[in-house]
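Below: the structure, in structure tokens.
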Amino acid sequence: MKFLLLTAVFIALLSVKATADGAENPPANYQKETQDSIPVELFVLAPCESCHEEDKFRQEVSSQLTEAGFANPDCTVYNVYKDSGAAHFEKTVEKYRLELTLTDLPAAVVEGVVYQGSYQEIGEAVAQHARASAESGQQGSAVASGNPEVTSGPNTENADTDGEADTENDLSPSAESLFHSAFYRELHQVGENDTTLVLFVTGACESCQTAEAYLQNDLSDEKYDLLIYNILENENAMVLRRLMQLYDVPESGQQVPLLFSRESYLSGAEAILDGTAGMLANEAATGSWEEIISRFAQETGTGKISKIQLAVTGFINGLNPCGVSMLLMILSILLMSGRSFYGGSLVFLTGKFLTYLLLGFTIGALFSVIESTVFQTLQKGMKIAFSVLALSFGVFYLMDFIHVLRKEYGREKLRLPERFRKWNHTMIRKLTDIPQHFWYPVLFLLGIVISAGEFLCTGQVYLASLLYMVKQNQGFDIQLAGNLVLYLTAMCVPMALVVVLVSRGKSVMSASSLSLKILPAVKLAYSIFFFALFLALFF
């Protein structure tokens, strides 16, 4: 009995010693099995509804950490295609001053260190980083020594002093890019009686293929137009983000396929298959997209040219000395002829107005074609050419301002060539020989001929204004035509005032003297206008 008791005591002592030794020297994998993983932030660009890239990324990195001995992987995935993910991505890039853009995704950020590559490569690099941190006992003191193409660190060499990162967010809506997008241009062509749906898709997306096939085949009997944009092409991803903002699409619906009508949207293949017929049945789906386009332009910061700007610019253009001088010649002939002064003046100005309107429609349509994506190279070349011309005109008008201020009228650079002026004067003088029944038709034709001739002078500002209107309106349509009519009406106001001034007892000479007095101000205004146009086109 005593022997058994001593044996039991001995075994108990051995057990206590083994336990103590185990506490002092734990197994090699003990720390790994109980060590929690350091926080890992995963960033992925995943717009596709059916691809589940967020789950794939998280699962791959978590499995790599688990295999490395970390029982509780702390991995958070942020889909940068959604608003919250994009916001956190920007904050992370700013916090660690990283040279990381959306084109670099997918990526993982661990304690300020960036890992890029495939999901598997990123997972392996993150696991190695976590092991190194656990072994050192100091977070952030070790950097994984894996594939150097997968691993990069925070950028501190070129960091801004205020701590802001120099990032390039490819999905941040750019006003210039959105305004020149195919979506913006094509939606401008939708009429009041048209029913148009807009579908956004991406490549290798089963849900997108399902939705696209349904809309193109199963609904072929429905009368509607379908515009399809791949978010991997051109500015379409930015356009979609802007539309999601305009339609208040929640994060759960920020995915493709995404279908828009002018009044509502459907997110996901199932919703599109179930709800498109009802969307088309709604009368609100038919009509112009002008309201959406207007909000689209307004919220990008690229608003339409204001009516006041148009009127002021047109009024200043109407003060052009070339046009005023020709008008004074016509008025002097009307006074000497004894014929209807107001009637003749109105017919002459009508001829000028219609000529400039026709020139505006023709040149505006040409500019509109050049603005299309088919002629991007030509568009850039013309932009540079107009920038150079605008700068040159600004300098020349500034020089003319100095000359007319000194009353050195013969030294003006920008005025109607002498040959054209003499020809116009000859044509005007022949008015006195015109029979009464041809009087108004000849005045009308004279307005056309003189306008075409003085276009070399007056047309400088007119062409620049027309180019700006086409650029702001992204094409030639009814709205631009209305703006053009407003501009030309304002341009005729100074001429109409000259007519009224002369008719109320003022001589042609006094009107001519007044035009000379305001000539310096006109030249200076033109110079400022062209310098401003140069800055707008060049920068």
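Here are some notes:
- One residue from LEU227, LEU232 being surrounded by fewer than 16 Cβ atoms within 10 Å (Cβ to Cβ), in contact with a Gly (Cβ under 7 Å, 6 or more places away or on another chain) and assigned by TED's automatic domain parsing to the domain that holds ASP274: LEU232
- When THR76 is tested against the conditions (1) under 30 Å from ASN234 (Cα atoms); (2) touching a Pro at 6+ places or on another chain (Cβ under 9 Å), the lone failure is (1).
- Criterion (among the small types (Gly, Ala, Ser), at pLDDT 75 or above and not assigned by TED's automatic domain parsing to the domain that holds GLU233) met by exactly one of SER207, SER181, SER145, SER133: SER133
- Just one of the numbered conditions (1) of a type in the set (A, V, I, L, M); (2) crowded, with 20+ Cβ neighbours inside 10 Å; (3) part of a loop (DSSP other than H, G, I, E, B) is not true of VAL114: (3).
- For segment 367-382, the condition of being at pLDDT 70 or above, among the small types (Gly, Ala, Ser), buried (at least 18 other Cβ atoms within 10 Å of the Cβ) and within 29 Å of the chain's Cα centre (by Cα) holds for none of the residues.
- Only listed residue being farther than 18 Å from GLU111 by Cα, under 29 Å from the mean Cα position of the chain (by Cα) and surrounded by 18 or more Cβ atoms within 10 Å (Cβ to Cβ), chosen from ALA46, ALA87: ALA46
- Members of segment 248-289 found to be part of a helix (DSSP H, G or I), farther than 21 Å from ASN236 by Cβ and of a type in the set (D, E, K, R), listed by number: GLU270, ASP274, GLU283
- SER252 being out of contact with any His (no Cβ under 6 Å at 6 or more places or on another chain), among the small types (Gly, Ala, Ser) and surrounded by fewer than 17 Cβ atoms within 10 Å (Cβ to Cβ): yes
The values are calculated or read from the model by the stated rules, or taken from the named source; none is laboratory data. This is a predicted model, so every value here is computed, not measured. Positions of Cβ are generated from backbone atoms using ideal geometry, with glycine treated the same way; all protein chains shown enter the neighbour counts.
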